[in-house]
Amino acid sequence: MRLFVLFFALALAPAVSAQLAPSDFVIGVQTADGEPIAGATVQFAGQGVSTDARGEAVLEDVQPGRYPVRVSFVGLPTREIAAVLEGGGPWGLIVEMADSATLLLEVVVEGRDLSTSRLAADGFFQREALGGGTILRPDDIERRNPITVSDILRGGVLGVRVQQGRFGEIATSNRRGTACRMDVYLDGTYSPVLTEALDAQSAQGIVAVEVYRGATQVPLQYRLSNGDPGSGSAAGCGVVLLWSEFSLDPSETL
């Protein structure tokens with residue numbers, strides 16, 4: 001069985017101050033299946049903090065900047081990350097642990113207004129009202145009875161094909177008669193792993209999917225330049241936005 005590790009930055013809190021004052025930095029630690037890991041050790045700027053029952057370690061009064069983060073848990077490889085905290089906080093970082101080591105040199109963590117939820121703050125409901133892409137809600141996903149993300153997309157989204165790539169199944173759109181690989185985001189953050197292998201993510205816990213084919217459909221915040229970090233939207237191939245249950249406020253439903 002192939003094991004993948006996903007690292008992705010998630011901004012977690014409301015109201016970004018105009019001044020770059022110290023703020024909280026929340027580090028969440030979870031399994032590759034999205035289950036929180038309690039009791040993991042997070043070392044940050046000389047501090048050692050254990051994650052709580054929700055798998056979170058809260059570091060207070062943190063200034064913007066670049067910091068080494070080391071996450072360890074009994075029986076799993078230690079993760080070492082350079083977190084770059086940009087803009088005003090609070091900030092959040094989720095680290096997914098797995099049985100195989102994956103090197104990640106640096107991640108950028110940006111503060112974002114999430115007074116309701118990550119899903120709402122990103123503009124999901126506004127995009128749904130405006131149209132322009134394909135949006136799958138929980139009922140749409142459930143009808144497909146999917147096991148993996150590729151099952152959600154396969155045969156169910158107009159103009160999108162799932163085919164074998166170098167490392168696994170990938171989502172492609174048609175561009176000038178050729179298959180063009182689409183970029184994949186999880187909870188608003190680009191995932192190079194899912195872009196190259198959709199089946200690295202289980203369909204369990206995915207509550208919504210947005211699909212935008214071609215550069216003209218892609219929301220502004222997901223239009224990458226010069227192919228960095230991915231090349232799909234920059235080449236006009238489009239994006240797939242996956243939203244997990246962690247992107248919702250506990251009181252929010254779709």
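The values are calculated or read from the model by the stated rules, or taken from the named source; none is laboratory data. Everything numeric in this text was worked out from a predicted model, so none of it was measured. All Cβ positions, glycine included, derive from the backbone under ideal geometry; neighbour counts span all protein chains shown.
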Subject >> Test: residue in the stretch 125-135 that is under 21 Å from the mean Cα position of the chain (by Cα), among the hydrophobic types (A, V, I, L, M, F, W, C), crowded, with 19+ Cβ neighbours inside 10 Å and not in a strand (DSSP E or B) >> reply: no
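Has the stretch 160-178 got at least one residue that is of a type in the set (A, V, I, L, M, F, W, C) and either closer than 23 Å to Ile27 by Cβ or at pLDDT below 85 (or both)?
There is no residue in the stretch 160-178 that is of a type in the set (A, V, I, L, M, F, W, C) and either closer than 23 Å to Ile27 by Cβ or at pLDDT below 85 (or both).
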**OP:** Could you tell me whether any residue of the stretch 182-190 is modelled with pLDDT under 90, at positive phi and of a type in the set (Gly, Ala, Ser)?
**Re:** yes
**OP:** Determine whether the stretch 56-71 contains at least one residue that is at pLDDT 85 or above and outside any strand (DSSP E or B).
**Re:** yes
Original post:
Just one of Leu85, Leu119, Leu114 is crowded, with 17+ Cβ neighbours inside 10 Å, under 22 Å from Arg54 (Cβ atoms), at pLDDT below 75 and within 20 Å of the chain's Cα centre (by Cα); which is it?
Top reply: Leu114
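Counting only residues that are modelled with pLDDT of 60 or more and out of contact with any helix residue (DSSP H, G or I) (no Cβ under 9 Å at 6 or more places or on another chain), which one in the stretch 215-243 is surrounded by the fewest Cβ atoms within 10 Å (Cβ to Cβ)? First the steps, then the outcome.
Of the residues in the stretch 215-243, the ones modelled with pLDDT of 60 or more are 215-223, 236-243.
Cutting the leftovers down to out of contact with any helix residue (DSSP H, G or I) (no Cβ under 9 Å at 6 or more places or on another chain) gives us 216-217, 220-221, 236-238.
Working: Thr216: 9, Gln217: 18, Leu220: 6, Gln221: 9, Gly236: 17, Cys237: 24, Gly238: 27.
The selected residue is Leu220.
For the stretch 38-69, which positions are in contact with a Ser or Thr (Cβ under 7 Å, 6 or more places away or on another chain) and crowded, with 19+ Cβ neighbours inside 10 Å? Before you say what the answer is, go through the steps one by one.
Applying the first criterion (in contact with a Ser or Thr (Cβ under 7 Å, 6 or more places away or on another chain)) to the stretch 38-69 yields 38-42, 48, 50, 57, 62.
Scanning the stretch 38-69 gives Ala40, Val42, Ala57, Val62.
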Original post:
How many of the residues in the stretch 30-55 are assigned to a strand (DSSP E or B) and modelled with pLDDT of 85 or more?
Top reply: 7
